[in-house]
Amino acid sequence: MTYIQEILETVKRKNPGELEFHQAVQEVLESLEPVIEKHPEYKKAKILERIVEPERAITFRVAWMDDKGEVQVNRGYRVQFNSAIGPYKGGLRFHPSVNFGVLKFLAFEQIFKNSLTTLPIGGGKGGSDFDPKGKSDAEIMRFCQSFMTELSKYIGPDTDVPAGDIGVGAREIGYLFGQYKRLKNEYTGVLTGKGLKWGGSLIRPEATGYGCVYFAQEMLATRYETFEGKICVVSGSGNVAQYTVEKLNELGAKVVTLSDSNGYIYDPEGIGPEKLEFVKELKNVRRGRISEYAEKYGVGYFEGQKPWNVKCDCAFPSATQNELGSEDAQALVNNGCMLVSEGANMPTVPEGVDIFLNAKILYGPGKAANAGGVATSALEMSQNSMRLSWTREEVDEKLKQIMKSIHKSAYEASKEYGHPGNYVLGANIAGFKKVADAMIEQGLI
């Protein structure tokens with residue numbers, strides 16, 4: 001058994017049942033074999049053994065009262081995985097599927113994603129099994145206040161700076177920030193994704209989707225291609241998907257699909273700016289289903305299906321983890337797809353990733369392609385610290401340059417280790433080396 005295999009077996013033994021976490025650790029560690037061979041100091045310092053263990057993992061009870069006066073109880077979490085290069089940074093997710101295994105996977109991925117941004121932020125993630133769907137604003141406020149009452153003991157602008165994620169948007173961030181301010185009697189940048197009127201950053205809502213497209217644009221440039229005239233499929237219909245479509249439209253592509261958990265729509269004419277505005281109103285204001293798009297515009301709706309069988313040039317999985325299976329990956333390749341850029345976290349199963357890599361298509365893994373969101377969160381932190389507010393153009397330009405830098409780091413690392421264009425290997429290596437070197441320089445932490 002190799003050194004890497006021994007660590008993987010230990011991770012599985014110590015963390016039984018946490019399949020998403022096992023998957024994330026395996027993907028990273030297997031990429032690092034050539035690095036460990038070239039840098040024996042990492043093995044000697046037990047960097048891998050240390051990096052797969054969270055520095056701190058917190059679980060707490062969240063008791064709150066619903067509108068009927070009934071007491072409800074949920075579970076809250078924060079996984080503070082690694083702070084070698086800066087304070088913990090990563091979103092809060094409110095969804096019934098949230099558990100320690102899912103959050104550990106997300107926090108582990110966040111270490112390397114944050115490292116790639118070139119900004120001084122460590123990796124963390126948190127949330128609750130609370131489901132905001134169907135809850136009133138008053139119920140969500142009471143839940144958020146109870147959640148923050150406990151979480152506030154473990155976070156701070158120089159310790160841990162959470163953001164939003166699935167189920168945590170501007171409304172939830174507002175309630176969470178208000179309670180933190182009330183408890184601590186201080187106005188600090190302890191959360192990102194805040195409202196523009198009270199410390200938020202322009203471009204933050206758009207950042208993950210825009211960044212994913214910017215990264216894809218850099219990948220296309222290595223083959224002297226652009227988005228002009230490209231047919232694109234996008235999954236999801238939330239924030240990331242919406243702004244992926246917006247940026248693709250600007251760059252001359254035609255997006256023909258969007259989806260939600262019930263099915264997907266196929267619009268061969270393309271989801272142009274006017275139709276996209278309808279989607280934003282549908283999903284962000286009315287919280288409706290994507291099937292309403294099909295009814296309004298008279299296009300195809302495919303219930304219970306995903307959009308990966310639609311013929312396309314480029315695909316942007318932007319919904320959730322493991323949404324794109326091996327058969328889906330093969331269908332994309334068979335239909336001539338030349339690029340996959342991940343807007344969601346780990347949306348492609350490992351077998352699907354292998355299919356993309358073996359087919360030599362341009363494949364941008366989430367930790368690189370969707371790092372624009374956390375990068376802009378870090379820019380919000382900077383603006384809060386300086387008590388400044390940058391213009392939309394300034395933030396967008398900084399985001400574009402960060403995505404270019406991430407692409408360059410991943411591509412150069414893939415070349416250095418003998419697999420040019422393998423962004424999985426390149427992103428993992430580039431993200432890991434920065435953190436590993438910091439851990440060695442800081443001693444036994």
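The table that follows gives values for the structure above.
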read-out: Radius 11 Å from Cβ of Gly195, net charge of other residues (Lys, Arg +1; Asp, Glu -1); value: +4
read-out: Dipole in debye (nearest 20) - the range 207-360, about Cα centre, beta carbon charges: Lys, Arg +1; Asp, Glu -1; value: 160 debye
read-out: Cα lying deepest toward the dipole's positive end in the chain, options Gly178, Tyr411, Gln401, charges on Cβ; value: Gly178
read-out: Net dipole in debye of the range 71-142 [+1 Lys, Arg Cβ; -1 Asp, Glu Cβ; about Cα centre; nearest 20]; value: 100 debye
read-out: Filter on Lys43/Lys104; Lys254/Lys360; Lys12/Lys360; Lys254/Lys296; Lys367/Lys415 - keep pairs with C-alpha separation over 25 Å; value: Lys12/Lys360
read-out: Lysines whose Cα lies under 22 Å from that of Lys68, excluding same-chain neighbours fewer than 8 positions away; value: Lys133, Lys135
read-out: The range 103-178 versus the range 21-42: alpha-carbon centroid distance in Å; value: 28 Å
read-out: Estimated FRET transfer efficiency when R0 is 25 angstrom, pair Glu394-Glu250 (beta carbons, to 0.05); value: 0.85
read-out: Label-reachable residues, the range 1-38, where backbone N falls under 16 Å from a point 7 Å from Asn99's Cα toward its Cβ; value: 12-24
read-out: Most fluctuating residue given options Asn15, Asn262, Asn185, as computed from a GNM of the chain linking Cα atoms under 10 Å; value: Asn185
read-out: Relative contact order (percent, whole number), the range 207-360, Cα cutoff 8 Å, 6+ residue spacing; value: 23 percent
read-out: Separation in nanometres of the label points that stand 7 Å from Cα toward Cβ, at Lys43 and Glu269; value: 6.2 nm
read-out: Net lengthening on full extension, Arg223/Met1 (0.36 nm per residue, minus Cα-Cα); value: 76.0 nm
read-out: Spacing of the two label points (7 Å from each Cα toward its C-beta) at Glu416 and Arg287, in nm; value: 4.7 nm
read-out: Förster radius 60 Å - calculated FRET efficiency between Leu19 and Trp198 (Cβ-Cβ, nearest 0.05); value: 0.90
read-out: Cβ-placed point charges (K, R +1; D, E -1), dipole of the chain about Cα centre in debye, nearest 20; value: 1080 debye
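Just so you know, all these numbers are worked out from the coordinates, no wet-lab data involved. Every value quoted in this text rests on a predicted model; they were computed, and no experiment measured them. Here Cβ is always computed from backbone atoms with ideal geometry, including for glycine, and neighbour counts include all displayed protein chains.
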